[in-house]
Amino acid sequence: MKNFVPRVAAIHDISCFGRCSLTVIMPILSAMGVQVCPLPTAVLSTHLGGFTDLAFYDFTSHMPDFFHHWKREGIAFDCIYSGFLASEEQIDVVQQFIDEFSSNHPLVVVDPVMGDDGKLYSIYTPQMQEQMKRLVKRADILTPNYTEACFLLGETYQGQVCDVAQMKKWLLRLAEFGPTTVVMTGIPFEHGKILTIGYDQKEDIFFDIVTDHIPAKYPGTGDIFSSVLIGSLLHKDSLPVAMERAVNFVGLAIKTTFQADTPTREGVVVERVLPWLCREVWEK
């Protein structure tokens, strides 16, 4: 259908300041011609990095009420996209959501938001790690960063990776959990580079992209990457095209923000670079 607008159920938190999770997912996917229906996991005054005494409201008890209403109204989704989950119970809720909305076979994307820089986030218990592995089995597409891949596979985090062949073996092992597509981001590669690598199980083919490292760390870049990847795939782009667009957009956002010298805790200035994404998508 010419005017078809894909619809995504985005199961993430709302951090009201700091440009991450739903506050970047919604504008990015909207700019790419995708309708976003948020299912909040929590509402926070800011994200968890670089702020103190934030206000946090857990939304776990409300999530089933929301999606049961959607079910009664006959709402269907082309993609189910889950991100930051704050408890074991929420992981169970997401699995229930997938069961409830599986009749039309939506694309299920799991971004296993568990940690970064070799460390798990403080809320992640061993029980939650095991539950996340169960959720990963339900995914069609898995988008871990390098740290999250280490914890899912029980591997030791290395400050520099030199062996691309080893990373390909990791992708094969992650695909054994269930996903048919795996994209690993943020791999600290040799010579100060960053490696992004993907695997398409159906075609049995790998894709990798090497980019320059920029000496700044911003929240929300994983959410941004996955959003652009999803938007591209929903518009029938191939995996390598979707990966390249996502890598280029994140890189442009980071470079633009680094040059602007804004506080890192405020995230990337996505507002400045959205026009590039619109041109990239709609003028192709």
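Structural remarks
- Matching residues, the range 99-111, being within 12 Å of VAL136 (Cβ to Cβ) and either in contact with an Asp or Glu (Cβ under 6 Å, 6 or more places away or on another chain) or hydrophobic (A, V, I, L, M, F, W, C) (or both): VAL108, VAL109, VAL110
Matching residues to (1) surrounded by 22 or more Cβ atoms within 10 Å (Cβ to Cβ); (2) modelled with pLDDT under 95:
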site	(1), (2)
ALA9	yes, no
ALA31	no, no
ASP53	no, yes
HIS68	no, no
GLU73	no, no
ASP78	no, no
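- Hits in the range 108-130 - residues which are over 19 Å from SER21 (Cα atoms) and not in a loop (DSSP other than H, G, I, E, B): LYS119, PRO126, GLN127, MET128, GLN129, GLU130
- Only one of the numbered conditions (1) small (Gly, Ala, Ser); (2) over 15 Å from GLY220 (Cα atoms); (3) surrounded by 15 or more Cβ atoms within 10 Å (Cβ to Cβ) is not met by SER21, and that is (2).
- Qualifying positions in the range 199-237 - in contact with a Leu (Cβ under 8 Å, 6 or more places away or on another chain), part of a strand (DSSP E or B) and either of a type in the set (A, V, I, L, M, F, W, C) or surrounded by 23 or more Cβ atoms within 10 Å (Cβ to Cβ) (or both): TYR199, PHE206, PHE207, ILE209, VAL210
- Condition met for MET184 (in a strand (DSSP E or B), crowded, with 22+ Cβ neighbours inside 10 Å and among the aliphatic types (A, V, I, L, M)): yes
- Considering only residues in the range 126-161 that are of a type in the set (Gly, Ala, Ser) and buried (at least 20 other Cβ atoms within 10 Å of the Cβ), the one that is farthest from LYS202 (Cα to Cα) turns out to be ALA149.
- Beta carbons closer than 6 Å, at least 6 apart along the sequence or on distinct chains, pair a first residue in the range 231-251 that is touching a residue at least 40 places away in the same chain (Cβ under 8 Å) and within 17 Å of MET26 (Cα to Cα) with a second that is of a type in the set (D, E, K, R) and not in a loop (DSSP other than H, G, I, E, B) for SER232/ARG245.
- The strands (runs of 3 or more DSSP E) found entirely in the range 32-101 include none that carry 2 or more residues being over 20 Å from the mean Cα position of the chain (by Cα), at negative phi and of a type outside the set (Phe, Trp, Tyr).
The values are calculated or read from the model by the stated rules, or taken from the named source; none is laboratory data. A quick note: this is a predicted structure, and the numbers were derived from the prediction, not measured. Cβ coordinates were reconstructed from backbone atoms using ideal geometry, including for glycine residues, and neighbour counts include every protein chain displayed.
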